[in-house]
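Below is one structure, written out as structure tokens, with a few remarks after it.
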Amino acid sequence: KEMTGDKVISGGVGMITFSRHGKAMEYKMLLNRTDRNCGGGTTPWSTFISCEESRKNPPTGHCYQVDPFAIGEVKKGQMRTVLGGLTGGSFESFAHDVRNEEKPRFFVTEDQLKGALRRFTPSVVDWENPARMLHDETGVLEYLLLEPTDEDARRGNFTWITNKDRAGRSAAQYYPNSEGIDVANGILYFVSKKDEDLFILDLDNRTYERKIVKEEGIDVSPDQLIRLGGDDGILYLTEDGGEHAGVHGRDAQGRYFTILESPIYKEETTGLAFSPNKKHMYLAYQKNGILLDVWRKDGKKFDGTVLNTKYHKSP
């Protein structure tokens with residue numbers, strides 16, 4: 001936190017530089033004077049999107065693009081993207097789908113009851129200067145509308161609409177307070193914190209599944225997530241608090257296993273990230289202010305499809 005006049009600013013983005021052997025070499029701040037920076041996410045061009053989880057009424061948070069390789073000072077106003085729209089919100093995490101380079105898509109979750117998952121499509125696609133695409137004021141913001149095909153809303157279709165209020169009603173009914181998000185191989189994964197559900201969207205066929213996490217055999221409240229590997233890869237999830245909060249994995253068969261839990265550090269696990277070679281996992285215990293570097297004893301990568309581990313109850 002820092003003081004500016006009579007106002008307390010509680011947020012920002014810092015950068016830790018590691019050697020190729022995993023040793024921490026340097027720490028410095030890249031973004032200051034922002035508010036409650038939450039999960040965010042990386043872009044295909046190696047910048048970081050930091051999302052403000054504003055708690056004002058109404059929320060006024062925005063999403064900022066931070067370049068760890070930038071030389072010289074970059075003003076906060078120049079970092080602010082168009083992902084938050086004109087009025088802002090209470091944002092959580094960022095993901096992207098650039099399989100079609102002529103029509104890249106970018107996604108942001110919002111931690112509000114009516115916080116509809118949003119998709120941004122730039123109208124000017126520029127892979128020579130890709131960072132500019134997230135500052136394209138002529139791009140299109142759309143919002144997720146679920147259309148269940150069963151009584152329990154566990155399966156159905158979905159569409160993207162420009163009517164934010166209508167999509168907000170869909171969010172409140174089916175996926176309130178969305179948090180972690182990732183896209184891999186045309187599948188979008190995101191969680192509803194309030195209902196403790198995992199949503200799996202087939203972006204090409206526009207169908208979805210809703211998985212009730214506790215019914216799949218593990219008693220956790222999912223928060224941030226990252227999907228590693230191919231079609232049979234692993235979905236890693238942090239927890240939104242609890243006595244033994246930790247990090248867990250979900251394989252392609254829907255089986256869960258635990259990477260770590262702590263009886264000492266409590267509350268939310270967040271800041272999930274992996275080294276470029278996928279041999280180091282990084283996470284934080286938010287309330288304790290503790291950062292952890294985790295690696296496998298066998299020296300293998302975290303995106304391996306076979307792990308010597310004990311699963312929780314199979315679905």
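Figures for the structure shown
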{"quantity": "The chain: most fluctuating residue of Asp197, Asp231, Asp303 per GNM, C-alpha cutoff 10 Å", "calculated": "Asp231"}
{"quantity": "Percent carbon-and-sulfur accessible area, the chain, ignoring ligands, DNA and RNA, probe 1.4 Å", "calculated": "46 percent"}
{"quantity": "Whole-Hz couplings from phi, Karplus 6.51/-1.76/1.60, listed for the stretch 236-248; x for Gly and Pro", "calculated": "9, 10, 8, 10, 8, x, x, 5, 10, 4, x, 10, 10"}
{"quantity": "Heavy-atom surface of the stretch 53-128, accessible at 1.4 Å and reported per residue (Å²)", "calculated": "51 Å²"}
{"quantity": "Shape category assigned to the stretch 204-267 from the gyration tensor of Cα positions, a/c cut at 1.5", "calculated": "prolate"}
{"quantity": "Helix-only [θ]222 nm of the chain, DSSP H runs n ≥ 4, -39500 (n - 2.57) each, per residue, nearest 500", "calculated": "-1000 deg cm²/dmol"}
{"quantity": "Simple spin-label estimate for Val74 and Thr207 in nanometres, 7 Å along Cα-Cβ", "calculated": "4.1 nm"}
{"quantity": "Within a Gaussian network of the chain (alpha carbon springs, distance under 10 Å), most fluctuating of Ser50, Ser221, Ser19", "calculated": "Ser19"}
{"quantity": "Estimated FRET transfer efficiency (Ala252, Asn157; beta-carbon r; R0 22 Å; 0.05)", "calculated": "0.45"}
{"quantity": "Cα gyration tensor, the stretch 58-170 - rounded (a/c under 1.5), prolate or oblate", "calculated": "prolate"}
{"quantity": "Paramagnetic reach from Ala131 in the stretch 24-47 [backbone N under 15 Å; point 7 Å along Cα→Cβ]", "calculated": "30-32, 42-47"}
{"quantity": "Probe 1.4 Å, accessible area per residue of the stretch 145-268, Å²", "calculated": "42 Å²"}
{"quantity": "Mean Cα-pair separation over length for the chain, i.e. relative contact order, pairs under 8 Å, 6 or more apart, %", "calculated": "9 percent"}
{"quantity": "Computed label-point distance, nm, for sites Leu113 and Arg55 using a 7 Å Cα→Cβ extension", "calculated": "1.8 nm"}
{"quantity": "The stretch 4-125 shape via C-alpha gyration tensor axes, a/c threshold 1.5", "calculated": "oblate"}
{"quantity": "Solvent accessible area, Å² - Leu228, 1.4 Å probe, full protein context", "calculated": "10 Å²"}
{"quantity": "Distance between modelled label sites at Met29 and Glu215, nm, 7 Å Cα→Cβ extension", "calculated": "4.6 nm"}
{"quantity": "Hz values of 3J(HN,Hα) by residue in the stretch 210-217 - Karplus curve (6.51, -1.76, 1.60), Gly and Pro given as x", "calculated": "10, 10, 7, 4, 5, 6, 8, x"}
{"quantity": "Linear extension gain, Glu102 paired with Ser46, 0.36 nm per residue minus alpha-carbon span", "calculated": "18.3 nm"}
{"quantity": "Accessible area of Asp251 in the full protein assembly, 1.4 Å probe (Å², nearest 10)", "calculated": "10 Å²"}
{"quantity": "For the stretch 14-30, 3J(HN,Hα) per residue [Karplus equation, 6.51 cos²θ - 1.76 cosθ + 1.60, θ = phi - 60°, Hz, x = Gly/Pro]", "calculated": "x, 10, 10, 9, 10, 6, 5, 9, x, 7, 5, 10, 7, 9, 7, 8, 10"}
{"quantity": "Spatial separation of Cα centroids for the stretch 62-87 and the stretch 137-166, in angstrom", "calculated": "27 Å"}
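The values are calculated or read from the model by the stated rules, or taken from the named source; none is laboratory data. As the structure is a prediction and not an experimental result, all values here were calculated from the model. We place every Cβ from the backbone using ideal geometry, glycine too, and count neighbours over all the protein chains shown. The accessibility values were calculated without ligands, DNA or RNA, using every heavy atom of the protein model including side chains. Shrake-Rupley method; radii C 1.70, N 1.55, O 1.52, S 1.80 Å.
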